[in-house]
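Notes to accompany the following structure.
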Amino acid sequence: MLNPSIISGKIDFDRIRADFPLLQREMNGKPLVFLDSAASSQKPRQVLDALQHYYTHLNANVHRGVYKLSQEATDAFESGRRAAARFINAGSEREVIFVRGTSEGINLVASSFGRKFFKPGAEILITGMEHHSNIVPWQLACEQTGAVLKVVPVTDSGEIEIDVFENMLSDRTALVAAVHVSNALGTVNPVEEMIRLAHARAIPVLIDGAQAVPHMRVDVQALDADFYVFSAHKMLGPTGFGILYGKEKWLEQMPPYQGGGEMIKTVTFEKTTYNELPFKFEAGTPDISGAIGLEAAINYMEKIGLDNIQAREHELLQYGLDQLSGIDGIRFYGAAKQKASVISFLLDGVHPFDLGTLLDKMGIAVRTGHHCTQPLMARFGIPGTVRASLALYNSTEDLDQLAAGVIRAGNMLR
Amino acid sequence: MSVQDIQEEIISEFSFFGDWMEKYEYIIDLGKNLPIIDVQYKDEDHLIKGCQSQVWLQAELKGDEVQFTADSDAIITKGIIALLIRVLSGQSPKDIAEADLYFIDQIGLREHLSPTRSNGLLSMVKQMKIYGLALQQVKS
Ligand SMILES: Cc1ncc(COP(=O)(O)O)c(C=O)c1O
């Protein structure tokens, strides 16, 4: 089989792969072919070293010590915030809130913004391709406030139609919450246009960027997003850490989400006053190493260049689709014109669970099932798909292995 | 044959396979050849909900013996039930309820299943034993 070594721009992606120690592992006696980065990416040595360095040399609680070590830890921690602000071009570090991940970021907004701004009969508009993390928090907020959830339908190609979206905006719409890149289909939504249309009616917009930031340059000011949420672990960083970007004008008006240390200014039994942004939303000792690991991941990606990463992954996606499309009875889900890093498919007459199991035995890690998007799967009338998702460290060889594996498994199962 | 004899037979069969792909090939074959369940039993009452695949299991007493039939939408799952049925179908309710299914570990099935599948396997075994217990009471 032909294996063109793809080199996007001047970047040698074979060398990049060598930065990821885990990719050297064998699985079931075969070299690991890791195609589940949308669930969680692998981490480069640079990130692992930063975590190790923190615990070896800097470990102390932040924002409270009088001693030098605590100051150094605080500096490293806050440096992570500056890096995150730079990464998404936030207007100010006050707008960058550390959370546990995308899910917590969305829950924070649903709870706090919802308590303040959702009234009975208000509408929350989401799309039909949302991850459960961008559905359930809104349902909880609706139960508490009397607001109602509205859903923009998904087309057969796995897209939303912008005029349908526009028509669903109304005077009752209190917030739009939409995914930037679909984790199940790879669809890149026209979020800039969506935000423009919503803002024309003075409706704020939250974007779930979990699957966007690992693969493309994101500029929250250019998008004019009111809230933008993502997880470190999907973009080469550590688990349990993420970012909620929010415009200061909203964050200032929102009540605290959780109470505890860090988030207060003064506490008496009669009345507590809250700390300023971003600390108002960061109760308790934060994940200090998470911020440091995220900065290392950001530095790593910026050194390669987000545009190079996007170009590389686009080539890989195209290559993978070409390799797979000849396979007898294969059906792809998600044929959006703008698509990123995800190949979701089924083989006629084969249960995705069976296919995933046999691929695993061949050392190929894919995800099978509903990908936390059950309503989307219901929309397509399927229980789930097999999903191969890519990252900058994947190679054309990985996709050759996938295609060969799918053919072999298909022959066994049919 | 007793529960133990059949388990020994399966363990011996599996010892001839070279690698796990061959074992899976065999399990898939078993799945394809599992006698089909009467459609009337493919309902909510007979459904064992797994995370990713569904299993329908039905049991009835014929004389002293329990007869199991089953189906699944996933073929590997079906093959695994076929193995369980081979061991437990035709046994007495008491033997089913008390069966120690050591063959599952001996052939390495449990460790070779993903966590989701392994949980599914445990639910199947549990359901078969519940049938055993229930039918024991019907008998007495
Ligand atoms: C689009 C999307 N949103 C939200 C999430 C949830 O992210 P986390 O589990 O890191 O909170 C995911 C993760 O799978 C995702 O893909």
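The values are calculated or read from the model by the stated rules, or taken from the named source; none is laboratory data. Since the model is a prediction, treat every value here as computed from it, not as a measurement. Please note: Cβ atoms are built from the backbone with ideal geometry, for glycine as well, and neighbour counts cover all protein chains shown.
For every residue, the table says whether it meets (1) in contact with a strand residue (DSSP E or B) (Cβ under 9 Å, 6 or more places away or on another chain); (2) among the aliphatic types (A, V, I, L, M); (3) away from chain A (no Cβ under 14 Å).
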residue	(1), (2), (3)
B:Thr77	yes, no, no
B:Ile81	yes, yes, no
B:Arg86	no, no, yes
B:Ile96	yes, yes, yes
B:Tyr102	no, no, yes
B:Leu109	no, yes, no
B:His112	no, no, no
B:Met124	yes, yes, yes
Hey, which of the helices (runs of 4 or more DSSP H) in the stretch B:1-107, taking only ones fully inside, have at least 1 residues that are closer than 18 Å to B:Ser123 by Cα, of a type in the set (Phe, Trp, Tyr) and touching a residue at least 24 places away in the same chain (Cβ under 8 Å)? B:103-106
Of the conditions (1) within 16 Å of the ligand (Cβ to nearest atom); (2) not in a helix (DSSP H, G or I); (3) not aromatic (Phe, Trp, Tyr), the single one that A:Met194 does not satisfy is (2)
Within the stretch A:340-414, considering only helices (runs of 4 or more DSSP H) that don't extend past its boundaries, which have at least 1 residues that are away from the ligand (no atom under 16 Å from the Cβ), within 9 Å of another protein chain (Cβ to nearest Cβ) and in contact (Cβ under 8 Å) with a residue 24 or more places away in the chain? A:352-361, A:396-413
I'd like to check something: does the stretch A:28-42 contain any residue that is among the β-branched types (Val, Ile, Thr), in contact (Cβ under 8 Å) with a residue 60 or more places away in the chain and over 21 Å from A:Arg387 (Cβ atoms)? no
Pairing a residue in the stretch A:164-184 that is within 20 Å of A:Val136 (Cβ to Cβ) with any residue that is away from the ligand (no atom under 16 Å from the Cβ) and among the acidic types (Asp, Glu), where Cβ atoms lie under 7 Å and the two sit 6 or more apart in sequence or on different chains, gives A:Thr173/A:Glu123; A:Ala174/A:Glu123
Go through the residues of the stretch A:230-238 one by one and say whether even a single one is part of a strand (DSSP E or B), within 11 Å of the ligand (Cβ to nearest atom) and touching a Lys or Arg at 6+ places or on another chain (Cβ under 7 Å). no
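Answer yes or no as to whether A:Gln52 is at pLDDT 95 or above, away from the ligand (no atom under 16 Å from the Cβ) and either surrounded by 15 or more Cβ atoms within 10 Å (Cβ to Cβ) or away from every other protein chain (no Cβ under 14 Å) (or both). Steps first, please.
Numbers: at pLDDT 95 or above: yes; away from the ligand (no atom under 16 Å from the Cβ): yes; either surrounded by 15 or more Cβ atoms within 10 Å (Cβ to Cβ) or away from every other protein chain (no Cβ under 14 Å) (or both): yes.
Spelling it out, A:Gln52 is indeed at pLDDT 95 or above, away from the ligand (no atom under 16 Å from the Cβ) and either surrounded by 15 or more Cβ atoms within 10 Å (Cβ to Cβ) or away from every other protein chain (no Cβ under 14 Å) (or both).
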Mind checking which residues of the stretch A:265-318 are on the phi > 0 side of the Ramachandran plot and in contact (Cβ under 8 Å) with a residue 60 or more places away in the chain? A:Gly305
